[in-house]
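Working notes for the structure below.
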Amino acid sequence: MSGSSPATFALPASFLGLTAPASDAAWCIGGIPLDVGTTNRSGARDGPAAIRRASRMLVDGAHPVHRIEPALLPVADIGDFSIALGDIQKSLSLIEKQAASVDHLIALGGEHGITLPLLRALARRTGPLALVHFDAHVDTWPDNFGQKYAHGSVFFHAIEERLVDPHKAVQIGIRSPMDNDVQDWTRARGVRILSSEAVHEMGPAAVAEEIRSVVGDATAYLSVDVDVLDPAFAPGTGTPEVGGLASWQLLAILRRLGGIAFAGMDVVEVAPAYDVSEITALAAATVAWEYLALMGKNAAG
């Protein structure tokens, strides 16, 4: 945006400074400030606001590859979802009910636990979804420290509840310590796991092709935990793991996923209290921006 448009720092506090009403939107941005189920450093409840602030850096022109300006697409910021203070299960129920009324949601977390109710709401309309999941962690623990619905259990429940088809699920960037039985359970269900080391060795083009081969033409969901990035590129997160992807690798993979039938996405686990110069929040905002550009490209054929 240039000419008579406001300077980036003077834009409204919404994602990309958006002001269009939700009634006109093909895609809706929603913040979900939940972090009750975090198991290490808390603070992801402040993620949506930080991502929105950082997104002001992304309004000064079109996407350099797709040549689409996401801020000019039919997209609206619908504000933050309501949650139940201190209550995970009530919060998940509230999130599911609110997400059910949104056709295509781009969710700003919040912890990764928010993905479960979003999948519940979406799968009721679509049936079991393919899954493209970027993360340092598989998040298929049956529970975390006795908490059934903590943020490390989201995809265990998603698979058990048949919200996700594990044979059409791929996890990219995995590298954290994990119990052997958790890894074995995940692989036995049919989930394709690409470690961060494999991503480094394969390169973005080959990783994108692997994702396509797993997902096929199924309706898919994209979930990006910002800790898929190395802490050098995303220090502001609750459970950082060394040896992760660089920002350019994540973006290069996402840019090659055009044509996949995504029906929703989230970017989660930004904890601004641990961030440096907004680099984590900006990475998360850019992921959502990249997704919007991809959706605009898909819509344009």
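For the reader, a short list of remarks on this structure follows.
- Residues of segment 102-145 with amide N under 13 Å of a point placed 7 Å along Cα→Cβ from LYS90: none
- Between helix 204-215 and the chain there is an angle of about 70 degrees, using the helix long axis and the longest principal axis of the Cα atoms.
- Beta bridges per DSSP with both ends in segment 24-299, % antiparallel, nearest 5: 5
- CD proxy at 222 nm, helix term only [per DSSP H run n ≥ 4: -39500 (n - 2.57); per residue of the chain; nearest 500]: -9500 deg cm²/dmol
- Extension gain for ALA206 to HIS104 (0.36 nm times residue separation, less C-alpha to C-alpha distance): 33.9 nm.
- Cα-based helix-to-principal-axis angle, 88-99 vs the chain, degrees rounded to 10: 50
- With 5 Å bins from 0: P(r) over segment 106-176, alpha-carbon pairs, percent: 4, 17, 27, 29, 18, 5, 1
- Cβ crowding within 10 Å, taken as a proxy for footprinting-reagent exposure, orders SER93, SER196, SER247, SER223 from fewest neighbours to most as SER93, SER247, SER196, SER223.
- Each of GLU290, GLU201, GLU278 was scored by other Cβ atoms within 10 Å of its Cβ. Arranged with the fewest first, they read GLU201, GLU278, GLU290.
- The relative contact order of the chain, computed from alpha carbon pairs under 8 Å that lie at least 6 residues apart in sequence, is 22 percent.
- For a straight C-alpha distance cut-off of 13 angstrom, the aspartates and glutamates reachable from LYS168 (same-chain residues fewer than eight places away being disregarded) are GLU210, ASP217.
- Computed on the Cα trace of segment 24-299, the radius of gyration divided by the Kirkwood hydrodynamic radius gives Rg/Rh = 0.92.
- For segment 236-251 versus segment 126-156, the spacing of their alpha-carbon centroids is 18 Å.
- Sorted by Cβ density within 10 Å, fewest first, the residues VAL228, VAL214, VAL270: VAL214, VAL228, VAL270
- Backbone N atoms of segment 52-84 closer than 11 Å to the 7 Å Cα→Cβ label point of LYS97 belong to residues 82-84.
- For q = 0.19, 0.20, 0.21 Å⁻¹, Debye-computed log10 I/I(0) when each Cα of segment 27-144 counts as one equal scatterer: -1.16, -1.25, -1.32
Every number in this text was worked out from the coordinates using simple rules, so none of it is lab data. Because the structure is predicted, anything quoted here is derived from the model rather than measured. Using ideal geometry, Cβ is built from the backbone for each residue, glycine included, and neighbour counts are taken over all protein chains shown.
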